[in-house]
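Here is the structure we will look at, set down as structure tokens.
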Amino acid sequence: MAFTFRGGIHPPMQKELTENCAFLPPVETKELCVSLSQHIGAPAIPVVKEGDEVKKGQLIARAAPAISAPVHSPVSGRVRAIENRLGLFGDLSMHVVIENDFLETEDYLPPLHNPTQQQAIERITQAGIVGMGGAGFPTAAKLNFPVQTLVINAAECEPYLTCDYRLLLERTDEFLRGVDYLKLATGATRALICVENNKTAAIREVEKAGVPLVRFRKQTQGVGTYLVPLKTKYPQGSEKQIIYSATGKEVPEGALPSSLGIAVYNAHTAFSVYEAIELGKPLIERYMTLSGRAAKNPCNLLVKIGTPFALLAERCEASDTRMVVSGGPMMGFCSVSGEVCTKKTSGSLLFFTKEEVADSAAPVGACIGCGRCVSVCPMRLMPVMIDQSARAGNLKDAARYGAQQCMECGSCSYVCPAKRPLMQSIRGTKKKLREEKKRG
Ligand code: SF4
Ligand code: SF4
């Protein structure tokens, strides 16, 4: 039995490139550029200045008063500069540039033993934990909403990515302790660990650790921690889809999962919560997948936050790369430069060959009215109608067809036999609708 949602696609998973690669130690670099915008919300505010000596784990920027998260130094060394550096989208944003002294002198928080709920919340806040599945929402801000059910997202439904799978396999106990601390911090009575059913070794390992495998949906209503097998399908790991697959509940349009008493946390976030509480270690490094056919040595490894992409390209021996993507191939973003550095949300870096990107360069044909885009849309939208309305300049109709509900998963573009860039068209339409709303 495996649980699922309606719609979705089955792209070639390409996980075989790295699924058997155990975690490697981090690549060391002389200089790390740590962004002050590691998360959704306001950038963190620096508390160090040029020339300051810093230790590994030391606070270098405090959270801004609005939604924000603090930032810590990933190495010991000296602050060389606080200046604008290139971001993933070619934008400039403030970074703390740290010269590594390679001494790894630590300044962690004191480890907590049997913390209370309040202590766990405070530690998650202090450690700068954010959603590590890509969204980067500060975890502390999410803890403000009381919930009964945690959905732990270990679906890893994007092709190529395997670091969450390896985390469940190699760091099972620590991951499960992190899930327990999240339950403590949120007051939830149950946690549903959701894993796609192609990750059999990870499922076995979590089961071996004493977590029962759910066979009937009714079991997910009990008190405790459960392992929920999900059908292998993209985008199984999207928030609304994973909630539906795990609980059978639909998040109403415009509402938050907390309105149903549910919160979704990424598997790596749970692991980082464990590190913050038991080791006193702030979020300064994370596991990543380096993959793609242009990488001669694809791997999974620990990466210090602020490591330049160029160094990771060297680490996996990428050559003849046609495109570099940060994140998964479906929802990730093309990187503009090797100067860009990793963030707390950087779960993967993919190096694609000409052949791997050939499909996206295929000529666009006219719509043949096959309806495939409609049948795969997990949000039950009609992508073809949104696209046609937008191209005719009729934004009102595009909105009526639900353009704003599109979560930009790319499933419609993927299946379109005419290679129509539906998702890109809808993304542009959403932007225009937002601008129109702003103008009033
Ligand atoms: S319309 Fe949006 S949500 Fe639906 S398949 Fe296309 S990209 Fe995904
Ligand atoms: S999948 Fe492509 S060709 Fe088929 S209806 Fe949708 S837009 Fe038209």
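Every number here is computed from the coordinates shown, using simple stated rules; none is lab data. Predicted model, so just to flag it, every value in this text is computed and none were measured. Positions of Cβ are backbone-derived with ideal geometry, glycine not excepted, and every protein chain shown enters the neighbour counts.
Here are a few things to note about the model shown:
- Orientation-averaged projection of region 321-426 equals 7.8 nm² [convex hull of Cα atoms, one quarter of hull surface area].
- Cα gyration tensor category, rounded, prolate or oblate, for region 110-279 with a/c compared to 1.5: rounded
- Förster-model FRET efficiency, 60 Å R0, Ile368 and Asp107, C-beta, rounded to 0.05: 0.45
- Cα-based shape type of region 244-307, given that a ≥ b ≥ c are square roots of the gyration tensor eigenvalues and the cut on a/c is 1.5: oblate
- For the peptides 343-352, 308-317, the ranking by mean Cβ contacts within 10 Å, running from highest to lowest, is 343-352, 308-317.
- For the chain, adding -39500 (n - 2.57) for each run of n ≥ 4 DSSP H residues and dividing by the number of residues yields -7500 deg cm²/dmol at 222 nm.
- Once both labels are positioned 7 Å from their Cα atoms along Cα-to-Cβ, the gap between Glu122 and Lys30 label points is 4.2 nm.
- In order through region 232-248: 3J(HN,Hα) via Karplus (6.51 cos²θ - 1.76 cosθ + 1.60), integer Hz, x for Gly, Pro: 6, 6, 8, x, 4, x, 5, 3, 5, 5, 6, 5, 5, 4, 7, 10, x
- Simple label model, 7 Å out from Cα along Cβ direction - Phe145 to Arg322, nm: 4.0
- Close amide H partners of Ser348, meaning residues 5 or more places away or on another chain with modelled amide H under 5 Å apart, are Thr289, Gly327.
- Shape call, region 22-63: gyration tensor on alpha carbons, a/c limit 1.5: oblate
- In nm, spacing of pseudo-spin labels at Asn197 and Lys431 (7 Å Cα→C-beta vector): 4.0
- Using the average count of surrounding beta-carbon atoms within 10 Å as a protection proxy, the listed peptides 331-342, 97-108 rank, highest first, as 331-342, 97-108.
- Net charge of neighbours whose Cβ lies under 14 Å from the Cβ of Ala201, counting Lys and Arg as +1 and Asp and Glu as -1: -2
- Within region 110-279, DSSP assigns beta bridges of which about 5% are antiparallel (rounded to the nearest 5).
- For the chain, pairs of C-alpha atoms spaced more than 27 angstrom apart make up 54 percent of the total.
- Estimated vicinal HN-Hα couplings, Hz - region 334-348 in sequence order (Karplus 6.51, -1.76, 1.60; Gly, Pro = x): 5, 8, 8, 7, x, 6, 4, 10, 5, 10, 4, 8, 7, x, 6
- For Ala318, residues with placed amide H under 5 Å, excluding near neighbours: Lys296
- Residues Ala255 and Met382, FRET efficiency given R0 of 22 Å [Cβ-Cβ distance, rounded to 0.05]: 0.50
- For Val195, the residues whose amide H sits under 5 Å from its own are Val228, Leu230, ignoring neighbours fewer than 5 places away on the same chain, with H placed 1.01 Å from N.
- Segments 153-162, 1-10 sorted - mean Cβ within 10 Å per residue, highest first: 153-162, 1-10
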